[in-house]
């Protein structure tokens with residue numbers, strides 16, 4: 001199948017960003033439109049699923065029309081329609097799935113149901129050349145995983161979070177410190193600016209484990225806050241933020257590098273919304289440089305949820321002619337390993 005110049009219109013509505021993109025050949029972004037809902041959800045301190053779904057309904061058709069215009073193409077130029085099938089909020093996913101099915105049926109085009117995490121991983125392909133085998137460190141609001149990529153489109157999860165994902169932990173700590181939602185950027189800013197550090201524990205789990213756990217670290221932060229309140233002491237929030245971030249980064253970096261060596265990987269891929277964290281990017285870059293491991297990181301614009309990454313991942317399926325039927329359903333819990341390209 002010819003795959004160099006095909007155009008994939010991709011739709012992403014897994015959480016609180018409505019996004020539509022048109023990607024050529026799985027690598028070239030013609031347009032990547034994103035309608036964020038942060039200002040709507042900030043007053044609630046987190047994403048409200050029902051509100052997110054309604055906002056997607058309001059935005060999706062407008063973005064599809066705008067994407068076609070901005071890309072300078074026509075509907076007849078499209079080769080396939082891709083959409084995030086999961087994981088994500090089921091109501092939000094349904095909006096994108098229905099829109100994608102309608103387009104695919106009306107235009108008689110192939111439909112490609114795409115995995116959200118595969119999208120985050122292959123966001124790197126939009127700006128880098130991925131070499132195999134490689135290891136991906138996925139860090140986002142709902143996911144913290146180490147994924148081995150033995151070949152193109154082949155995913156094997158070697159480690160995942162047992163409780164809170166990194167993004168969730170950041171938001172909960174930020175809430176405890178009365179910082180605005182989303183909390184990650186505020187914790188990162190305080191940590192970078194801090195002159196002192198409150199030492200906090202590291203959750204290493206079993207010696208050979210690649211899994212993660214951040215619920216104990218969150219509890220340790222709450223304990224520091226409660227002790228300061230009971231003693232009537234002024235809490236150094238920057239020092240606490242620095243201690244929290246240092247603990248998270250230490251575990252993430254150490255396990256990621258250990259996985260790279262164990263898997264014989266040629267590269268380490270950082271991906272997901274928390275990949276925008278300055279402390280994590282700097283620490284990984286320093287360790288990878290010291291150990292001679294190439295580190296691939298998408299630009300900030302491709303770290304958070306966007307449809308271009310869905311178009312990049314969908315291209316894997318397009319090349320192998322692996323399309324979805326119109327009775328495909330949104331899957332809030334979708335296996336990354338099972339989504340792998342068939343061999």
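The values are calculated or read from the model by the stated rules, or taken from the named source; none is laboratory data. Since the structure is predicted, the reported quantities are computational estimates derived from the model, not experimental observations. All Cβ positions, glycine included, derive from the backbone under ideal geometry; neighbour counts span all protein chains shown.
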Q) Considering 292, 272, 279, which residue is in contact with a helix residue (DSSP H, G or I) (Cβ under 6 Å, 6 or more places away or on another chain) and surrounded by fewer than 24 Cβ atoms within 10 Å (Cβ to Cβ)? A) 279
Q: Would you mind telling me which numbered condition in (1) in contact with a strand residue (DSSP E or B) (Cβ under 8 Å, 6 or more places away or on another chain); (2) not in a strand (DSSP E or B); (3) not assigned by TED's automatic domain parsing to the domain that holds residue 85 residue 159 fails?
A: (2)
Q: Quick one: residue 245 ticks every box in (1) more than 17 Å from the chain's Cα centre (by Cα); (2) in a helix (DSSP H, G or I); (3) surrounded by fewer than 24 Cβ atoms within 10 Å (Cβ to Cβ) except a single one, so which number is it?
A: (3)
Q: Filter the range 140-180 down to the residues that are touching a helix residue (DSSP H, G or I) at 6+ places or on another chain (Cβ under 7 Å) and without any contact (Cβ under 8 Å) to a residue 24 or more places away in the chain, then identify the one that is nearest to residue 226 (Cα to Cα).
A: 174
Q: Please specify each residue of the range 295-313 satisfying the condition of being part of a loop (DSSP other than H, G, I, E, B), surrounded by 22 or more Cβ atoms within 10 Å (Cβ to Cβ) and out of contact with any strand residue (DSSP E or B) (no Cβ under 6 Å at 6 or more places or on another chain).
A: 298, 303, 304
Q | Residue in the range 89-96 that is under 15 Å from residue 11 (Cβ atoms), in contact (Cβ under 8 Å) with a residue 24 or more places away in the chain and out of contact with any helix residue (DSSP H, G or I) (no Cβ under 8 Å at 6 or more places or on another chain) present | A | yes
Q) Considering the range 165-188 alone, what residues qualify as being assigned to a loop (DSSP other than H, G, I, E, B) and surrounded by fewer than 21 Cβ atoms within 10 Å (Cβ to Cβ)? A) 177, 178, 179, 180, 181
Q) Considering only residues of the range 72-93 that are farther than 24 Å from residue 144 by Cα and part of a helix (DSSP H, G or I), which is farthest from the chain's Cα centre (by Cα)? A) 76
Q. Within the range 263-271, is there a residue that is assigned to a helix (DSSP H, G or I), assigned by TED's automatic domain parsing to the domain that holds residue 193 and in contact with a strand residue (DSSP E or B) (Cβ under 8 Å, 6 or more places away or on another chain)?
A. yes
Q: Being more than 27 Å from residue 40 (Cα to Cα) and in the same structural domain as residue 147 (by TED's automatic domain parsing) narrows it down to one of 166, 173, 224, so name that one.
A: 224
(Q) So for the range 278-296 (the condition being closer than 17 Å to residue 84 by Cβ, at pLDDT 95 or above and within 15 Å of the chain's Cα centre (by Cα)), does at least one residue qualify? (A) no
Q | In the range 112-131, residue surrounded by the most Cβ atoms within 10 Å (Cβ to Cβ) [restricted to those that are touching a strand residue (DSSP E or B) at 6+ places or on another chain (Cβ under 6 Å) and assigned to a loop (DSSP other than H, G, I, E, B)] | A | 128
